[in-house]
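Novice: Would you mind keeping the following structure in view while I ask a few things?
Derivation of every value follows stated rules applied to the coordinates shown; laboratory data play no part. Quantities reported herein were computed from a predicted structural model and do not represent experimental measurements. Heads up, the Cβs are rebuilt from the backbone with ideal geometry, glycines too, and the neighbour counts pull from every protein chain shown.
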Amino acid sequence: EKGGYEHFMLKEIHEQPKSIMDTMRGRLLVEEGIIQMAGIWDYQEKFLNAERIIIISCGTSWHAGLVGEYLIEDLARIPVEVEYASEFRYRNPIITDKDIVIAISQSGETADSLAALKLAKEKGAFIYGICNVVDSSIARLTDAGSYTHAGPEIGVASTKAFTAQLAVLSMIAIKLAKHKGTISKEKFNSLITELDSIPDKIEKLIKSTEEQIKKISLQYENVHNFLYLGRGYNYPIALEGALKLKEISYIHAEGYPAAEMKHGPIALIDENMPVVVIAPRTEHYEKIVSNIQEINSRKGKVIAIVTEGDIQVKNMVAEAIEIPDVSECFSPILASIPLQLLAYYIAILRGVNVDQPRNLAKSVTVE
Ligand code: M6R
């Protein structure tokens, strides 16, 4: 059942070219030049007139929500707030019938997400679900939704469900942007063509980096702390990379927006602090380069995620892992893959049962 892999997690990491293809099947229609999503189409007016979108979720799904905020605000220009379900539900939130509340949940059973959604429904919001498990409690409660169709995810650490969530959020953002007229037809066509190429790019990425990541992990088996930094679209991926490492290797890790480093975490940096920096060639490239300089001058060891062919960052860091060149809005999908592999291989060296790490359950159905 593990398809020849040692763990479900490794199998699920490797399945991502296929799972993302499944997520997009019948929806991303490049030849026809459309994105077909019944859940959005049927309630188009609601989405186009929404004053804001509130995304609620927990854990990894919350990180997907943060990427969703960048996508929807950047492309469709609808204000988005992203909330931890547990905080949202207990603080007497302001919700009106002009709000759309989207819950993101792999299992569709997370207690806090379900309760937060019930509250939003009571207050009159239109509620939408992005779930992986078909017919789960959240999927049944919502007015409409889009399944991620990533297939069953068994490993406790979410991998393929996360990238499927990013793919669904990308399609929603691009579709809304088209209907709102916030992107041109040319931009729409180039985005959907590019999104369609992501599964192939992931395949290539895993092939070209897995051995390298295995080797890198040998050096970090015994460290006690890790810092993860990213900017813009990749700030949530820094958080997700750190969560992945924490939950399966039991190494303490923190994710930060790179610019926040100088507001505190920089005090932690010395020769014993590995820092994973997500540094693809995007709008923020030069800023990330100066963040790396700051780390270097304090002797921190940098593992950078860079765009294929990068020279500048590569020459500055201990390790550089290359990802294919894509538009910034799709870089989170690609950047998450090496971080999943890094967490996996470090955890294996430490002898952790990665599919069932201590103290964790696949779905958190208690508060
Ligand atoms: O099933 P959900 O997506 O609602 O689960 C939310 C979190 O419990 C989940 O993402 C958790 O953080 C994972 N263990 C992360 O790998």
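Novice: Mean separation of Cα pairs under 8 Å and 6+ residues apart, divided by the residue count of the chain: what relative contact order is that in percent?
Specialist: Details: 712 pairs, mean separation 69.8, N = 367.
With pairs under 8 Å counted, the relative contact order is 19 percent.
Novice: For the residues His63, His179, His224, what sequence is obtained by ranking on other C-beta atoms within 10 Å, fewest first?
Specialist: On the way: His63 30, His179 15, His224 9.
Taking fewest neighbouring Cβ atoms as first place, the list is His224, His179, His63.
Novice: Which chymotrypsin sites (Phe, Trp or Tyr not before Pro) from segment 1-76 combine a DSSP loop assignment with at most 14 other Cβ atoms within 10 Å?
Specialist: Working: sites: Tyr5, Phe8, Trp41, Tyr43, Phe47, Trp62, Tyr70; in loops: Tyr5, Tyr43.
Sparse-neighbourhood loop chymotrypsin sites (Phe, Trp or Tyr not before Pro): Tyr5.
Novice: Further question: Per-residue counts of other Cβ atoms within 10 Å, averaged by peptide: what ranking do you get for 284-293, 153-162, highest first?
Specialist: Values: 284-293: 16.4, 153-162: 25.3.
Packing order, densest peptide first, comes out as 153-162, 284-293.
Novice: Mind running the shape call on segment 146-218? Use the C-alpha gyration tensor, a ≥ b ≥ c as the square roots of the eigenvalues: rounded below 1.5 for a/c, prolate if a/b tops b/c, oblate otherwise.
Specialist: Values: a/c = 3.29, a/b = 1.73, b/c = 1.91.
Oblate, since a/c reaches 1.5 and b/c is not below a/b.
Novice: Give me the distance between the Cα centres of segment 15-44 and segment 217-231, rounded to whole Å.
Specialist: 36 Å
Novice: In Å, what Kirkwood hydrodynamic radius results for segment 44-178 from the alpha-carbon pair distances? Working shown, then result.
Specialist: On the way: mean 1/r = 0.0695 Å⁻¹.
Hydrodynamic radius (Kirkwood, Cα pairs) of segment 44-178 is 14.4 Å.
Novice: Run the helix sum for the chain: -39,500 (n - 2.57) per DSSP H stretch of 4+ residues, divided by residue count, reported at 222 nm to the nearest 500 deg cm²/dmol. Walk me through the numbers on the way to the answer.
Specialist: Working: 14 runs with 162 residues, N = 367.
The helix-only estimate for the chain comes to -13500 deg cm²/dmol at 222 nm.
Novice: I want to verify a result. In a Gaussian network model of the chain, Cα cutoff 10 Å, which of these has the top mean-square fluctuation: Val168, Val223, Val352?
Specialist: Val223
Novice: Next up: Please report, in whole Å, how far the alpha carbons of segment 66-114 spread along each principal axis, starting with the longest.
Specialist: So the extents along the principal axes, rounded to whole Å, are 31, 26, 16.
Novice: If a/c stays under 1.5 just call it rounded; otherwise compare a/b with b/c (prolate if a/b is bigger, oblate if not). Do that for segment 236-283, with a ≥ b ≥ c from the square roots of the Cα gyration tensor eigenvalues. Spell out each step's value before the answer.
Specialist: Values: a/c = 1.82, a/b = 1.13, b/c = 1.61.
It comes out oblate by the Cα gyration axes.
Novice: Compute the helix-to-body angle for 59-71: its Cα long axis versus the longest principal axis of the chain, expressed 0 to 90° and rounded to tens.
Specialist: Once rounded, one gets 70 degrees.
Novice: Restricting attention to the alpha-carbon atoms of the chain, what are Rg (one decimal) and Dmax (integer), both in Å?
Specialist: Both quantities, over Cα of the chain: 19.7, 56 Å.
Novice: Taking 8 Å as the Cα distance limit and 6 or more residues as the minimum spacing, I'd like the relative contact order of segment 39-191 as a percentage. Mind showing how you got there, number by number?
Specialist: Details: 280 pairs, mean separation 38.9, N = 153.
Worked out over segment 39-191, it gives 25 percent.
Novice: Packing-wise, with mean Cβ within 10 Å as the measure, how do 230-241, 111-122, 311-322 rank, highest first?
Specialist: On the way: 230-241: 26.5, 111-122: 20.6, 311-322: 16.4.
Result, highest mean first: 230-241, 111-122, 311-322.
Novice: Let me ask you something else. Would you work out the relative contact order for segment 244-367, in percent, from Cα pairs under 8 angstrom that are 6 or more residues apart? The partial results should precede the final answer.
Specialist: On the way: 144 pairs, mean separation 34.3, N = 124.
Rounded, it is 28 percent for segment 244-367.
Novice: Ok, one more. Could you please state, rounded to a whole Å, how far the C-alpha centre of segment 143-167 is from the C-alpha centre of segment 107-128?
Specialist: Centre-to-centre (Cα) distance: 18 Å.
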